[in-house]
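The values are calculated or read from the model by the stated rules, or taken from the named source; none is laboratory data. Given the structure is predicted, the values throughout are model-derived calculations rather than measurements. In this analysis, Cβ positions are derived from the backbone assuming ideal geometry, glycine residues included, and neighbour counts consider all displayed protein chains. We work out accessible area using only protein heavy atoms, side chains counted, and drop any ligands, DNA or RNA first. Shrake-Rupley method; radii C 1.70, N 1.55, O 1.52, S 1.80 Å.
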Amino acid sequence: MASGGCMKVIKYFLFLFNLLFFVIGAVILGFGVWVLVDKTSFVAILHNSSSYLWIGSYILITVGAVTMIIGFLGCIGAVNEVRCLLGLYSTFLLLILLAQIAAGVLIYVYRGRLKTEVSDIAHELIVHYNPKDDMNKTAEDTWDYIQHNLQCCGWTDYHNWTENIHLNGSHDVYPCSCVTNQTESPHDFCNATSNNLYHKGCMNEVENWVQDNLGIILGVCVGVGITELIGLILALCLCRSIQNEDYSKVPKY
């Protein structure tokens, strides 16, 4: 009797857990979509240059969608005590958990390569920056937004702008977004001396931005991983308690 009551508690707790899991999947999917469409942060600069970003965003969207499906299966399997659905749910959950661990290991192993790629992309943007054309307007507008709001200039410092092919090594013309207290459009070139420029480079500021967001992402990933592990244990317990499969319990749609 006590065992039956315990299993009933697990059954409804597993249902609530999977409802939460469904919501978590929607959050992951939404974050992946945000990475694809964001136009106001450093992510926008990487859109056309970084294959890692595109791959990562599509992985997030896929994981989010699959997580929502798994959450749905878990809810149906728990409420109706369908052993085959619970088994399928547990298998998918285990595979996702292993995939997340593998992804975390790959990100850690290739973190140096990712940092180098970001630096190369920023350098390429600075070298070819030209507010007079619209060839790379979105990335250039975002870079001006970063320099203006983070009060930085160039990647390592303002000297990077002497490499711009349109300035021909000039030391008195810089993007207006580099100029302190500027009143003109930030997406243009302005005459300025070193005394009127932001002296710190944007590399450290962007790294801080990445670190701040990385903390949130890692926190979400750890939370999701723990939640998945708990769900896996509960599903296996409930699955073992169901002695005979009753296919009449499978909802007909």
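For region 167-206, what are the residues that are loosely packed, with under 14 Cβ neighbours inside 10 Å and in a helix (DSSP H, G or I)?
Taking region 167-206 first, the residues loosely packed, with under 14 Cβ neighbours inside 10 Å are 168-172, 180-181, 183-185, 188, 191, 193-195, 204.
Residues satisfying the conditions are SER194, ASN195, ASN204.
Open to solvent by 30 Å² or more (accessible area, probe 1.4 Å), under 20 Å from the mean Cα position of the chain (by Cα), over 30 Å from ARG113 (Cα atoms) and modelled with pLDDT of 75 or more, is that true of VAL23?
yes
ASP141 versus (1) out of contact with any Asp or Glu (no Cβ under 9 Å at 6 or more places or on another chain); (2) more than 20 Å from TRP34 (Cα to Cα); (3) among the acidic types (Asp, Glu): which is the lone unmet condition?
In the conditions (1) out of contact with any Asp or Glu (no Cβ under 9 Å at 6 or more places or on another chain); (2) more than 20 Å from TRP34 (Cα to Cα); (3) among the acidic types (Asp, Glu), ASP141 misses (2) alone.
State yes or no: is HIS123 closer than 24 Å to TYR158 by Cα, touching a helix residue (DSSP H, G or I) at 6+ places or on another chain (Cβ under 8 Å) and open to solvent by 50 Å² or more (accessible area, probe 1.4 Å)?
yes
Report whether or not GLY154 is in a loop (DSSP other than H, G, I, E, B), at pLDDT below 85 and either of a type in the set (D, E, K, R) or out of contact with any strand residue (DSSP E or B) (no Cβ under 6 Å at 6 or more places or on another chain) (or both).
Against the criterion (in a loop (DSSP other than H, G, I, E, B), at pLDDT below 85 and either of a type in the set (D, E, K, R) or out of contact with any strand residue (DSSP E or B) (no Cβ under 6 Å at 6 or more places or on another chain) (or both)), GLY154 does not qualify.
In the set ILE107, ILE55, ILE45, ILE69, which member is modelled with pLDDT of 75 or more and in a helix (DSSP H, G or I)?
Numbers: ILE107 fails: modelled with pLDDT of 75 or more; ILE55 fails: modelled with pLDDT of 75 or more; ILE45 fails: modelled with pLDDT of 75 or more.
Checking each option against the conditions leaves just ILE69.
Given (1) over 23 Å from GLU163 (Cα atoms); (2) in contact (Cβ under 8 Å) with a residue 40 or more places away in the chain, identify the lone condition not met by ARG113.
Going through the list (1) over 23 Å from GLU163 (Cα atoms); (2) in contact (Cβ under 8 Å) with a residue 40 or more places away in the chain, ARG113 breaks only (2).
Just a yes or no: is a residue in region 131-151 among the hydroxyl-bearing types (Ser, Thr, Tyr) and assigned to a loop (DSSP other than H, G, I, E, B)?
Within region 131-151, none of the residues are among the hydroxyl-bearing types (Ser, Thr, Tyr) and assigned to a loop (DSSP other than H, G, I, E, B).
Looking at (1) under 26 Å from MET68 (Cβ atoms); (2) modelled with pLDDT of 75 or more; (3) open to solvent by 50 Å² or more (accessible area, probe 1.4 Å), which is the one condition that is false for GLU228?
Going through (1) under 26 Å from MET68 (Cβ atoms); (2) modelled with pLDDT of 75 or more; (3) open to solvent by 50 Å² or more (accessible area, probe 1.4 Å) one by one, GLU228 breaks only (3).
Please pick out the residue among GLN151, GLN147 that is within 30 Å of the chain's Cα centre (by Cα), open to solvent by 80 Å² or more (accessible area, probe 1.4 Å), under 16 Å from CYS190 (Cβ atoms) and without any contact (Cβ under 8 Å) to a residue 60 or more places away in the chain.
GLN151
Condition test on LEU98, is it modelled with pLDDT of 80 or more and in a helix (DSSP H, G or I)?
For LEU98, the condition - modelled with pLDDT of 80 or more and in a helix (DSSP H, G or I) - is met.
Considering only residues of region 126-144 that are open to solvent by less than 10 Å² (accessible area, probe 1.4 Å) and among the β-branched types (Val, Ile, Thr), which is farthest from HIS199 (Cα to Cα)?
THR142
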